[in-house]
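Visitor: After the structure tokens below, expect a handful of questions from me.
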Amino acid sequence: MTTQTYNPNRVAAGVTSGGQFTTGTRMEPQVSLTPSATEPKSQVEETVDDVFTYSPDFEDTPENREALTAAVQDMYDDEHHTAIYVGHDDKLTDEQISSIMRGDAQGASDNVFESWGHESQWDGNQEFLRTHLGSHGIDLDDLDDDAQDTLREIPENHDDSDIFADLARNTGDQLFVAPVIPHMSNAPAATRSGNNEEATQARVTYLTAELTRLGIDPNLDSNRETIQELVENGPHDWHEGMRLEVLDYAPLTDAAPYDLDGEIYLPDNRETVYTNPHVVLMDRENGSGHSGQLTGTLTHTSEARDRYTRVDLDRTQGYSWENAAGIIPSYYKNEKVTRLL
């Protein structure tokens, strides 16, 4: 007779031991919830560590670290930040506008930045940093300069301020002049023989021919009358420096093609067709002149880098028509179409 002994821990062949009902003790592997020594730190962690390193008097307590980490994380998450707010009364100066008209948009931009951009940008980001850290219970003055520089780099890198574009938007309409006859060097000698009947007729003939070349119909009574008035009521003495100009009260964006969301771009040439243009025959050396309005279309081709043909501000061309005649600039609005060449 065979005696069998019951063993409660015995496992039948083919059956895997363990499971939720096993009577034995099973040891689970240990899992560490802290970063390993080789795991790289995040950008936020590195910045926080740098701040504590640069500011030994700013105690590295759990509370301070938690507050600083939250503040730094918020700054990194804020991808758009405006450090400089340009007031509605702030505008481009005449010098800066003229730089744009000369095709030197970069020079105008540099002038803006040198004038007040850099200082304002630093102040704006510094004030933002002070306010932002304060909202997290941290006093900016408790941090050393190197720590402040480290933190200020974050809003500086996210700063979307565009002082130049904002100033251009605020500049508003200006009285521009387009020199359609930029000088009188090719005018017949008879036009300079004094203010007499012979000179008057020579001047009328000369202006008529030049305006016809530019697209004005000389056979219209209104145009003949305007030309006659320009000569009779315009400058007494003619010389090479006199000009016939289109007076155009327009936005900077019309006079100098400008993308307010990007860069100023000035091609070498552009062609503008004015409809029923306002014109002035003027001696800018003494301020004498007379204005009138022509009927029809007049075509003007300008080159930004050519001082004789480019469009520019009225008030930067010697005597300005606005000051000499005491006119209201907004009267000289024109309908026009510009084509870049």
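The values are calculated or read from the model by the stated rules, or taken from the named source; none is laboratory data. Small disclaimer: the values here were computed from a predicted structure and weren't measured. Cβ atoms come from the backbone with ideal geometry, glycine included; neighbour counts cover every protein chain shown. Note: accessible area is taken over every heavy atom of the protein model, side chains too, but ligands, DNA and RNA are not part of it. Shrake-Rupley method; radii C 1.70, N 1.55, O 1.52, S 1.80 Å.
Visitor: Just checking, does the stretch 242-254 include any residue being assigned to a helix (DSSP H, G or I), open to solvent by 50 Å² or more (accessible area, probe 1.4 Å), at pLDDT below 95 and of a type outside the set (Phe, Trp, Tyr)?
Guide: Yes.
Visitor: Another one. Do any residues in the stretch 278-296 that are hydroxyl-bearing (Ser, Thr, Tyr) have Cβ atoms under 6 Å from those of residues that are open to solvent by 30 Å² or more (accessible area, probe 1.4 Å), where the two are at least six apart or on different chains, and which pairs are they?
Guide: Sorted first by the residue in the stretch 278-296, then by its partner, the pairs are Thr295/Leu220; Thr295/Ser222; Thr295/Asn276.
Visitor: Also, I was wondering about something else. Can you tell me how many residues within the stretch 186-213 are open to solvent by 20 Å² or more (accessible area, probe 1.4 Å), under 42 Å from the mean Cα position of the chain (by Cα) and touching a residue at least 24 places away in the same chain (Cβ under 8 Å)?
Guide: Number of matching residues: 1.
Visitor: For the stretch 59-103, enumerate the residues that are farther than 30 Å from Thr253 by Cα, open to solvent by 20 Å² or more (accessible area, probe 1.4 Å) and among the hydrophobic types (A, V, I, L, M, F, W, C). Give the steps one after another, and end with the answer.
Guide: Let us first name the residues in the stretch 59-103 that are farther than 30 Å from Thr253 by Cα, namely 59-78.
Within this subset, residues satisfying the condition of being open to solvent by 20 Å² or more (accessible area, probe 1.4 Å) are 59-67, 69-70, 73-74, 76-78.
Passing the criteria: Ala67, Ala70.
Visitor: Applying the selection to the stretch 218-232, what residues are over 19 Å from Thr191 (Cβ atoms) and open to solvent by 50 Å² or more (accessible area, probe 1.4 Å)?
Guide: Within the stretch 218-232, Asn219, Leu220, Asp221, Glu225 meet the criteria.
Visitor: Check the stretch 141-164 and report whether any residue there is among the aromatic types (Phe, Trp, Tyr), open to solvent by less than 60 Å² (accessible area, probe 1.4 Å) and within 30 Å of Thr299 (Cβ to Cβ).
Guide: no
Visitor: Quick check on my filter: what residues within the stretch 147-185 are farther than 30 Å from Val280 by Cα, touching a residue at least 40 places away in the same chain (Cβ under 8 Å) and charged (D, E, K, R)? Talk me through it step by step, then tell me what you get.
Guide: So the first thing to find is which residues in the stretch 147-185 are farther than 30 Å from Val280 by Cα, and the list is 147-166.
The next check asks that each one be touching a residue at least 40 places away in the same chain (Cβ under 8 Å); those that pass are 147, 150-151, 154-156, 158-161, 163-166.
Glu156, Asp159, Asp160, Asp166 - these are the residues of the stretch 147-185 that are farther than 30 Å from Val280 by Cα, touching a residue at least 40 places away in the same chain (Cβ under 8 Å) and charged (D, E, K, R).
Visitor: Let me ask another. Within the stretch 41-58, restricting attention to residues that are of a type in the set (Ser, Thr, Tyr) and under 16 Å from Asp146 (Cα atoms), which residue is surrounded by the most Cβ atoms within 10 Å (Cβ to Cβ)?
Guide: Of everything passing the filter in the stretch 41-58, Thr47 is surrounded by the most Cβ atoms within 10 Å (Cβ to Cβ).
Visitor: Give the stretch 111-129 a look and list any residue that's at pLDDT 85 or above, open to solvent by less than 90 Å² (accessible area, probe 1.4 Å) and either outside any helix (DSSP H, G or I) or over 17 Å from Phe52 (Cα atoms) (or both), or say none.
Guide: Hits for the stretch 111-129 are Asp123, Gly124, Asn125, Gln126, Phe128.
Visitor: Of the conditions (1) under 30 Å from Ser330 (Cβ atoms); (2) assigned to a helix (DSSP H, G or I); (3) in contact with a Lys or Arg (Cβ under 8 Å, 6 or more places away or on another chain); (4) open to solvent by less than 20 Å² (accessible area, probe 1.4 Å), Leu175 fails just one. Which one is it?
Guide: Going through (1) under 30 Å from Ser330 (Cβ atoms); (2) assigned to a helix (DSSP H, G or I); (3) in contact with a Lys or Arg (Cβ under 8 Å, 6 or more places away or on another chain); (4) open to solvent by less than 20 Å² (accessible area, probe 1.4 Å) one by one, Leu175 breaks only (2).
Visitor: Does any residue in the stretch 82-101 that is closer than 30 Å to Ser302 by Cβ come within less than 8 Å, Cβ to Cβ, of a residue that is open to solvent by 30 Å² or more (accessible area, probe 1.4 Å) and of a type in the set (D, E, K, R) six or more places away or on a different chain, and which pairs are these?
Guide: Val86/Asp166; Asp90/Asp166; Asp94/Arg315; Met101/Arg310
Visitor: Can I ask one more? Please determine, by comparing only the residues of the stretch 322-341 that are touching a residue at least 24 places away in the same chain (Cβ under 8 Å) and over 22 Å from Val273 (Cα atoms), which one is most open to solvent (accessible area, probe 1.4 Å).
Guide: So the residue we want is Asn323.
Visitor: Would you call Thr299 assigned to a strand (DSSP E or B) and modelled with pLDDT of 95 or more?
Guide: Working: assigned to a strand (DSSP E or B): yes; modelled with pLDDT of 95 or more: yes.
Yes: the conditions hold for Thr299.
Visitor: Counting just the residues of the stretch 77-110 that are in a helix (DSSP H, G or I) and in contact with a helix residue (DSSP H, G or I) (Cβ under 6 Å, 6 or more places away or on another chain), which one comes out nearest to Thr47 (Cα to Cα)?
Guide: My answer is Ser109.
Visitor: So the check is Cβ under 6 Å with 6+ separation or different chains; which pairs have a first residue in the stretch 124-146 that's over 16 Å from Thr69 (Cβ atoms) and a second one that's part of a helix (DSSP H, G or I) and among the basic types (Lys, Arg)?
Guide: Qualifying pairs under 6 Å: Asn125/Arg152; Leu140/Arg130.
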